[in-house]
Amino acid sequence: MANIALTGDRPTGRLHIGHYAGSLKERVAIQNSGAVDELFIMIADTQALTDNAGNPQKVRDNIIEVILDYISAGIDLDKTTIFIQSEVRALPEITTYYMNLVTLPRLLRNPTVKAEIAYRGFDSDTKGVPVGFANYPISQAADITAFNANRIPVGDDQLPMIEQTREIVRAFNNQYNTDCLVMPDAVLPKNNVCKRLPGIDGSLKMSKSLGNAIYLADTSEEVKKKIFSMYTDPNHIRVEDPGKVEGNVVFTYLDAFSTDEHFKRFYPEFNNLDELKKAYEHGGIGDMKIKTFLYNVMEDILTPIRERRKEYEKKIELIFDYIKKGNEKANKVADETLGKIRKAMGIDYFTDDTFVKEQIEKYN
Ligand code: TRP
């Protein structure tokens, strides 16, 4: 069986280092290692509209932003297919058929949807929740299955979506006695802290709306300002005081991004992060020191990304040509799957000539 990876992002804002650590880095690795036969990355504009119905302009404005972030971070348009969700008309049709296989309570039990409902301030009794929003996990199952994807590189907030997709694959294949849908698995980052990076303020999630994100496209000055304002250990007041590493965002980010090589270059007093952590816990390491180190680490990662972005900003037309090709390829694959789905369900009336014969015989 071919290995096909698919993932995507909602185009509602620029991508941040949480996206990078959680999934984008993994995608670039998958792309370059040849671990899969095919990598699809979808700009999930249809999904973005499920809670931005009143603001399509925001979605429109962020399509190219997100694509620029991808290619700046190392996605190669000659190796990876990037496409736009709303351009693939088979997806809403597939979604419609899957909707019959999922109950309402099952949808609303989805922990990610639940959290998002609370966070968007929809009525807690769910009466204010748009149908399209509650339905987006089903639409995501259509995204994944339409491309026969078996590997889904995501952060761990997306696990409930993959679980929902697996249930739909099982239900569909069972119901229609077929094996046409492929069972997907999530691909999570090996490094635990990368699965869900906290914001610079220490809150659980890095997000645009919380204003606690470091963006891939941030300038060096912006990154510096953000890192030096970061939440550390409120009880670590004097340099001599013992400091806490647990819950200290600077250390969480160092866990996610620093390597022994970074220590050699920027902090040679220590060989690795374990040594630095011990010294910090013991006392004698100031927050300025660890923030300066983190700043150097982040700049080492972000500078080449920023530079590539500047280059690609001059090539928007070329990028558009690639995306158009991506859309065509995506449509071809999704149409094929839709054909299989219709056939499995027996609603392929006009591509299956037994239908006409059967009906003629019935009335004769
Ligand atoms: N839900 C994902 C997000 O919010 C975006 C997404 C849409 C996606 N369809 C997908 C991710 C299919 C993986 C696979 O970021």
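General observations
- Taking 234, 304, 56 in turn, the Gaussian network model of the chain (Cα-Cα springs below 10 Å) assigns the largest fluctuation to 234.
- In the stretch 283-364, the GluC sites (Glu not before Pro) that fall in loop regions by DSSP, at most 16 other Cβ within 10 Å: 313
- Coordinate range of the alpha-carbon atoms in the stretch 220-312 per principal axis, descending: 46, 26, 17 Å.
- The listed residues 19, 282, 236, once ranked by accessible area (1.4 Å probe) with the largest placed first, stand as 282, 19, 236.
- Eigenvalues of the alpha-carbon gyration tensor of the stretch 14-68, scaled by 5 and square-rooted, set the equivalent ellipsoid semi-axes at 26, 12, 9 angstrom, largest first.
- All Cα pairs of the stretch 1-99, percent lying beyond 23 Å: 29
- Taking all protein chains as shown and a probe of 1.4 angstrom, residue 246 keeps an accessible surface of around 150 Å².
- Temperature 25 °C, viscosity 0.890 mPa s: under these conditions the Stokes-Einstein estimate for the chain, based on its Kirkwood radius over C-alpha pairs, is 109 µm² per second.
- Summarising the strand pairing of the chain, around 5 percent of its internal DSSP beta bridges are antiparallel.
- Principal axis analysis of the Cα atoms in the stretch 87-142 yields extents of 33, 24, 17 Å, listed in decreasing size.
- Solvent-accessible area per residue for the chain (1.4 angstrom probe, square angstrom): 50
- Value of relative contact order over the chain, rounded to a whole percent, pairs C-alpha under 8 Å and six or more apart: 21
- The chain, helix-only ellipticity at 222 nm - DSSP H runs n ≥ 4, -39,500 (n - 2.57), divided by all residues, nearest 500: -16000 deg cm²/dmol
- Percent RCO, i.e. relative contact order, over the stretch 80-226, from Cα pairs under 8 Å lying at least 6 residues apart: 19
- In the structure shown, the pairs 225/264; 25/325; 195/340; 205/291; 205/226; 190/332 are assessed against 27 Å; a Cα-Cα span above that value is assigned to 195/340; 190/332.
- Between helix 316-345 and the chain there is an angle of about 50 degrees, using the helix long axis and the longest principal axis of the Cα atoms.
- Relative contact order %, the stretch 220-312, counting alpha carbon pairs below 8 Å whose residues are six or more apart: 34
- Taking the accessible area of the chain, probe 1.4 Å, and keeping the other protein chains in place, the carbon and sulfur fraction comes to 52%.
- Angle between the chain longest axis and helix 287-312 axis [Cα atoms, degrees, rounded to 10]: 40
- Among the trypsin sites (Lys or Arg not before Pro) in the stretch 191-242, those placed in a DSSP loop whose Cβ has at most 15 other Cβ atoms within 10 Å are 208, 238.
- J(HN,Hα) series, the stretch 130-136, from Karplus relation 6.51 cos²θ - 1.76 cosθ + 1.60, nearest Hz, glycine and proline x: x, 4, x, 5, 4, 7, 5
- Taking max minus min of the alpha-carbon positions on each principal axis, the stretch 277-355 gives extents of 81, 38, 10 Å, largest first.
- In the stretch 135-254, the C-alpha radius of gyration followed by the widest Cα-Cα span (Dmax) gives 20.2, 68 angstrom.
- Loop-located trypsin sites (Lys or Arg not before Pro) across the stretch 284-364 with a Cβ neighbour count of 15 or fewer within 10 Å are 314, 315, with loop assigned by DSSP.
- In nm, spacing of pseudo-spin labels at residue 320 and residue 32 (7 Å Cα→C-beta vector): 3.0
- Computed E for residue 310/residue 260 - FRET, C-beta separation, R0 35 angstrom, nearest 0.05: 0.70
The values are calculated or read from the model by the stated rules, or taken from the named source; none is laboratory data. Quantities reported herein were computed from a predicted structural model and do not represent experimental measurements. We place every Cβ from the backbone using ideal geometry, glycine too, and count neighbours over all the protein chains shown. Note: areas computed on protein heavy atoms with side chains; ligands, DNA, RNA excluded. Shrake-Rupley method; radii C 1.70, N 1.55, O 1.52, S 1.80 Å.
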